[in-house]
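Following: one structure in structure tokens, then a few remarks.
Taken together, the values in this text are just the output of simple stated rules run on the coordinates, not laboratory data. What you see is a predicted model; the values in this text were computed from it and never measured. With ideal geometry, Cβ positions are generated from the backbone for all residues, glycine too; neighbour counts draw on all protein chains shown.
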Amino acid sequence: MPELSVVVPVFNERDNIPPLLAEIASALRGKVDFEIVYVDDDSSDDSRAVLAAQKAGYPELRVLHHVTRSGQSTAVWNGVRAARGGWIATLDGDGQNDPADIPKLLAARASAAAEVKLFAGWRTTRRDSFNKRISSKIANAVRSRMLRDATPDTGCGLKLFERETFLRLPYFDHMHRYLPALVRRAGFASQSVPVGHRPRTAGTSKYGMLDRLWVGLADLRGVAWLMRRAKVTRVEEL
């Protein structure tokens, strides 16, 4: 069984698949026993065929396919459920997260307290359009004020977390944006780790400014309610 499963959700990212796979393998081979789980969210391009062709060169690669389009959170959820590693690293499929930062998250885990179950990438320098940076900044500020999750960047796709802890969290669409708050609700802690960020070199973004803001505002109320209703009790056996 691998120690680490790298879960990558993709939708119409056919040109980003081969280079990102090569980078993941280069970053992790010889450092940790790992697998790569790609989840294709019913792409309308030939991403699925590209992934199938890549399996010959990457024995670590597994490919899952959504029969109907279900969104990024569901792709991550199904990838984690299918994963065999005890710890999960997630990456966006657009190539903007650098797989070379995964060992940095693993190193942070090695020196962290046992209660830290999530290591969240923190994009200190964004390589996005002006509109995307502004919408993300507003969303982060509103989220931080409402949830008090002490996390500067929840939108970064690069994360490392314990599989068992993740599967205990409440599942809902867009939950991947609120993992620090949900992990805290479960009685554990998260740690932000500065990571790199790169411009997109192929394909197009799947989210616009209004998409991010309206979806975020709708979900925030639900997550805030979950936080208020949470109750974690220590249990001791006599």
- Message: Residue by residue through segment 152-157, what is 3J(HN,Hα) from phi via Karplus (6.51 cos²θ - 1.76 cosθ + 1.60, θ = phi - 60°)? Round to whole Hz and write x for glycine and proline.
- Response: x, 8, 8, x, 5, x
- Query: In this model, which of Lys104/Lys231; Lys55/Lys159; Lys55/Lys117 are farther than 28 Å apart at the alpha-carbon?
  - Reply: Lys104/Lys231; Lys55/Lys117
- Query: Sorting Phe172, Phe34 on the 10 Å Cβ count, fewest up front, what's the list?
  - Reply: Phe172, Phe34
- Item | Karplus 3J(HN,Hα) series, Hz, for segment 107-112 with 6.51 cos²θ - 1.76 cosθ + 1.60 (x for Gly, Pro) | 5, 5, 4, 4, 10, 8
- Query: So what are the radius of gyration and Dmax for the Cα set of segment 1-114, in Å?
  - Reply: 13.5, 43
- Item | Estimated distance in nm for a label pair at Ala108 and Trp225, the labels positioned 7 Å out from Cα along Cα-to-Cβ | 3.1
- Task: Would you kindly give the portion of the calculated P(r) for segment 69-130 that falls above 13 Å, as a percent of all Cα pairs?
- Result: 72
- Task: Would you mind computing, in nm to one decimal, how far apart the modelled labels at Thr124 and Ala82 are, each placed 7 Å from Cα along Cα→Cβ?
- Result: 3.6
- Query: Using modelled backbone amide H atoms (1.01 Å from N, in-plane), which distant-in-sequence or interchain residues come within less than 5 Å of Ile36's amide H?
  - Reply: Val6, Leu61, Arg62
